[in-house]
Amino acid sequence: MADMERKHDVALSGRDDHARAQRERDARDRLLNLGADRLEPRPWRPAPVPPTAVDLTQYALYRSAHLAPADIMSALALLPAARAEVEGVEAGLIFAARNGGLTWAQIADAMGFRSPQACQQHVNRLTTRQDKER
């Protein structure tokens, strides 16, 4: 019985992932069609890379007074992807800081943690979450 339940859970999870991915694609397309496709490219992201989820959600917030509720819903649907992008930037900056010779105490201070250990625990949770999403 447990095997059947696991297979069912995996199947449901796969459908949920597919549905979430489709919602994200639809939301990206909607916001790009509303003008986000004309955003200037970022120098750190060479063309023809499309705007990120962070770019699109910021664009929607900037234009929110002129957007329909369905357009705002599209931006909301991109928040999980935007959150994952920001977490990737955070992990990358911390990795760069450590490679650059900064101590955990310095990083913790810059990020507002009370201790180097708290900062390290945060980074461990962050990288574990990113590994699960891959």
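The values are calculated or read from the model by the stated rules, or taken from the named source; none is laboratory data. Since we're looking at a predicted model, the values are computed, not measured. For neighbour counting, all protein chains shown are included, and Cβ atoms are generated from backbone atoms with ideal geometry for every residue, glycine included.
For the reader, a short list of remarks on this structure follows.
- Within the range 22-29, one or more residues are closer than 23 Å to L126 by Cα and at pLDDT below 95.
- Counting the residues of the range 91-113 that are closer than 26 Å to D16 by Cβ and at pLDDT 95 or above gives 0.
Each row is one residue, and each column tells you yes or no for (1) at pLDDT below 95; (2) within 24 Å of the chain's Cα centre (by Cα).
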| residue | (1), (2) |
| --- | --- |
| L76 | no, yes |
| A82 | no, yes |
| E85 | yes, yes |
| S115 | no, no |
